[in-house]
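Undergrad: A single structure is presented below for examination.
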Amino acid sequence: MNKIAIMLAASTSLLLASCGQGDILYADNAVVNLSPVEGNPSAGYMDLHGGRMDVDLVSVISDDVLRMEMHETTEKDGMMTMAQLKSIPVPAGKTVKLEPGGKHLMIWGVGEGSKKRGLLTMTLIYSNDDRIEINAVVKNAGDPAPVAE
Ligand SMILES: [Cu+2]
């Protein structure tokens, strides 16, 4: 009886260890901030968590947008400029934040269905051919900030 309990405990901790940070390539905290101006692009942010090896995020696609690009905002001579990125490196075990003022997604033409649903499904494509589907929370301009959990 005791032996079984110990074995169960051991396998549980093994399971937890395999889900530990730094092991699995994934993304969370994904949001799309809809542009307050019709026709202007919306911005997407998320946390990219690295897996066991260094990879690059090479593309982000969605069935329900017209166009989506990876961008980086940088300050140059006191001016904020934005350049398109071909890829975003995601080092093993590290977290890369797509956030305002830094790397971000620029999204044109978010579909009405996703706006109504409040979620935009997108697929992250990595250099190692991993594809991860995520649901980003779609927020209207002026929506209150999400409550921290
Ligand atoms: Cu941009």
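The values are calculated or read from the model by the stated rules, or taken from the named source; none is laboratory data. Fair warning: this is a prediction, and the values are worked out from it, not measured in the lab. Neighbour counts are summed over all protein chains in view; Cβ atoms, including those assigned to glycine, are modelled from backbone coordinates with ideal geometry. The area values use the complete protein model at the heavy-atom level, side chains included, leaving out ligands, DNA and RNA. Shrake-Rupley method; radii C 1.70, N 1.55, O 1.52, S 1.80 Å.
Undergrad: Exactly one of these conditions fails for ILE88: (1) within 16 Å of the ligand (Cβ to nearest atom); (2) more than 21 Å from ARG52 (Cβ to Cβ); (3) among the β-branched types (Val, Ile, Thr). Give me its number.
TA: Result: ILE88 fails condition (2) only.
Undergrad: Under 9 Å between Cβ atoms, at least 6 apart or on separate chains: pull out the pairs that start in region 76-94 with a residue that is open to solvent by 100 Å² or more (accessible area, probe 1.4 Å) and end on any residue that is more than 14 Å from the ligand (Cβ to nearest atom) and in a loop (DSSP other than H, G, I, E, B).
TA: These pairs meet every condition: LYS94/GLY22; LYS94/GLY50; LYS94/ASP54.
Undergrad: Let me ask another. What's the number of the condition ALA145 fails, among (1) at pLDDT below 95; (2) within 19 Å of ASN40 (Cβ to Cβ)?
TA: (2)
Undergrad: Restricting attention to region 42-63, and to residues there that are surrounded by fewer than 17 Cβ atoms within 10 Å (Cβ to Cβ) and outside any strand (DSSP E or B), which single residue is nearest to the ligand (Cβ to nearest atom)?
TA: Only one residue fits best here, namely ASP63.
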